[in-house]
Amino acid sequence: MDLVIENDFPLIAELPEIQKEWDLYNYDCMVARTQYYNYYYSYGKTWKPKRILEIGVRFGYSALAMCMGAEPEEFVGIDNQFYGPDSNRIAEDVLRRYLPDLKITILDLDTQSQVLPDLGKFDLLHLDAAHHEEGVENDVSVALGIANSGAHIIIDDCNWDGPRRVLSKHGGTYLKNFTGHGILTVGKDSV
C-alpha cells in the first residue's frame, strides 16, 4: 500500500470547534493535528479519490481533511445525527466554508437499520459509526457494495475490539495512530 503520511494538518488549528470537541476528551488539539486528521489529509492527498463516502460524519472534520487532501469531485456523508440534531448541517457548513465548489450530500440515515439509496461507486470510504463487531461488519459490507475496484476503505477506531476484529477478518492493514486506522484495499486484500 503506497501511502505518505503528512506530519501535520495545521488547518485544524483554525477550527475553534475542533479544540472545544477535543477539550471534552481532555486531549490537546496538537494530537488531532499530528496523530489523527493529518492521516485523513494524507489518505486524500496520496490516493486522490474522485468520490469520497463517509459513514459516521459527526461534525465533518475527518471529511474536511480527506477532501482538502484529495480535492475530489464529490463527497457523500451518511450520519444518523447521534451527536445532535444539527450535526449534519454543521458538517456541511464546515465543508462549504473551505471547499465551496465541492459537490456535497449528507444523508440522515442509520446504516444499521436503513437501506441506502443508489449512490453509485466510490474511491475512498471512511467508516466511523458503529463500533461493535456486528455494526462494523455491516458497514464494511455496505462499503464493499459501493466501492470501486482499487478503492480504499478506512475503518476508524481499530484500537477498539470490534473494529480490530473486523479488520483482521478481512485481512486489512493496521496503521497505529491516535485511534488506530484499518485500511482495506478493494480487490487487493481479501475483500
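Restriction of the GluC sites (Glu not before Pro) in region 66-175 to DSSP coil positions whose beta-carbon has at most 14 other beta-carbons within 10 angstrom yields E73. For region 101-146, the square roots of the Cα gyration tensor eigenvalues, ordered a ≥ b ≥ c, give a/c of at least 1.5 with a/b greater than b/c, which places it in the prolate category. The overall shape of the chain is rounded: from the C-alpha gyration tensor, with semi-axes ordered a ≥ b ≥ c, the ratio a/c is less than 1.5. Relative to the current alpha-carbon distance between D8 and K121, full extension at 0.36 nm per residue lengthens the span by 37.7 nm.
Overall, region 10-185 carries a charge dipole of about 580 debye about its Cα centre when +1 sits on the Cβ of Lys and Arg and -1 on the Cβ of Asp and Glu, all other atoms neutral. Summarising the amide proton neighbourhood of E54: residues at separation of 5 or more, or on other chains, whose placed amide H is nearer than 5 Å comprise V76, G77, I78, H126.
Highest GNM mean-square fluctuation among L119, L64, L102, for the chain modelled with Cα contacts below 10 Å: L119. The count of lysine pairs in region 10-185 with alpha-carbon distances below 29 Å, taking only pairs 8 or more places apart or on different chains, stands at 18.
For A147, the residues whose amide H sits under 5 Å from its own are F122, ignoring neighbours fewer than 5 places away on the same chain, with H placed 1.01 Å from N.
FYI, it's all coordinate maths here, none of it is from the lab. Predicted model only: the values in this text are computed from it and were never measured. So basically every Cβ, Gly included, is an ideal-geometry build from the backbone, and we count neighbours across all protein chains shown.
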